[in-house]
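Worksheet: one structure, shown below.
The values are calculated or read from the model by the stated rules, or taken from the named source; none is laboratory data. Quick caveat, the model's predicted, so the values are computed rather than measured. When we count neighbours, we look across all protein chains shown, and the Cβ atoms used for this are built from the backbone with ideal geometry, even at glycine. To get the accessible areas, we keep the full protein, side chains included, count just its heavy atoms, and leave off ligands, DNA and RNA. Shrake-Rupley method; radii C 1.70, N 1.55, O 1.52, S 1.80 Å.
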Amino acid sequence: MSEAAERISLTSALTLAAFGVEVSGERFAKELNTKHFGFTREEAFSKLTDALDALLQKADSGRLVLHGRFSREANADGTEEIARLPPDSALSYKAFDYRIDGLRFGDTALLWFSPTEDPYRQPSFARPNHYRDITVVRGQLRKFLGTGSSPYLQETKPQPLSGADLMAWWDGLSKEQKGMSREKLWELAKNSHPNHKVTRERVRRLGGPREPGRPKLAKK
């Protein structure tokens, strides 16, 4: 499955549309309450609310398909899987609840949060029934809502691995490892440095030119 065809959670979809990054769960709550994704609290709330409104409008028109589960109770008991949320549900269920990656009955709102400096707000639910575990196809979201941007995206962008660290990693490989294909070496380099960016081209240049053909295995 391609990256564009993957389903992402509702929370991740909203942060992608608003800020250009996919963040969900308690990490989302922490970022919104403390760093505000690099904006002021008011700006962050405005961007998220705009993204929620845009998503609901596209869902209401039937152009953006939302998948999830419907529950008639306040908890998750007796949920019913919904292959496609009814488009007109977006007209009534507009309150976003990050704790269930879902939508509750009511006007557009970011439940559990306050746009003021008070970081927490206990919501009141107008009805017990709700939609939860909502997902959306990443490619569809990008097509209809676009991808946002934020200082947070720049702050969390991995920095390139230094030349010295890359050479130290290369020197520490065994002869067998150095004989692997360039593609496998690149994957190994990325896995060895998860917090840094390592390009295929930089790994390709390690060890000098190779003879064409399949890599030779070391003799035992």
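Only one entry in Leu48, Leu64 is in contact (Cβ under 8 Å) with a residue 12 or more places away in the chain, in a loop (DSSP other than H, G, I, E, B) and in contact with a helix residue (DSSP H, G or I) (Cβ under 6 Å, 6 or more places away or on another chain), namely Leu64.
Scanning region 71-93 for residues that are surrounded by fewer than 19 Cβ atoms within 10 Å (Cβ to Cβ), touching a Gly at 6+ places or on another chain (Cβ under 7 Å) and under 14 Å from Leu55 (Cα atoms) returns a single hit, Pro87.
Looking at Glu31, Glu81, Glu43, can you tell me which residue is free of Cβ contacts under 8 Å to residues at least 24 places away in the same chain, assigned to a helix (DSSP H, G or I) and within 23 Å of the chain's Cα centre (by Cα)? Among Glu31, Glu81, Glu43, only Glu43 is free of Cβ contacts under 8 Å to residues at least 24 places away in the same chain, assigned to a helix (DSSP H, G or I) and within 23 Å of the chain's Cα centre (by Cα). What residue, among those in region 99-118 that are of a type in the set (Asp, Glu) and closer than 20 Å to Ala59 by Cβ, is most open to solvent (accessible area, probe 1.4 Å)? Ranking the qualifying residues of region 99-118, first place goes to Asp107.
Taking every residue in region 128-145 that is of a type in the set (Lys, Arg) and pairing it with any residue that is open to solvent by 40 Å² or more (accessible area, probe 1.4 Å) and modelled with pLDDT of 95 or more, at least 6 positions away or on another chain, yields no pair with a Cβ-Cβ distance below 8 Å. A single member of Arg127, Arg121 is open to solvent by 50 Å² or more (accessible area, probe 1.4 Å), at pLDDT below 85, outside any helix (DSSP H, G or I) and among the charged types (D, E, K, R), and it is Arg121. Look at (1) closer than 15 Å to Leu10 by Cβ; (2) buried (at least 19 other Cβ atoms within 10 Å of the Cβ); (3) at pLDDT 90 or above and you find that Phe37 fails only one, number (1). Which residues, taken from region 157-209, are surrounded by 12 or more Cβ atoms within 10 Å (Cβ to Cβ), among the basic types (Lys, Arg) and within 30 Å of Gly38 (Cα to Cα)? Within region 157-209, Lys190, Lys197 qualify. Candidates in region 130-152 are the residues that are in contact with a helix residue (DSSP H, G or I) (Cβ under 9 Å, 6 or more places away or on another chain) and open to solvent by 60 Å² or more (accessible area, probe 1.4 Å); of these, the one that is farthest from Arg69 (Cα to Cα) is Ser149.
Each residue in region 130-162 was checked for being among the β-branched types (Val, Ile, Thr), within 19 Å of Glu26 (Cα to Cα) and modelled with pLDDT of 90 or more, and 2 pass.
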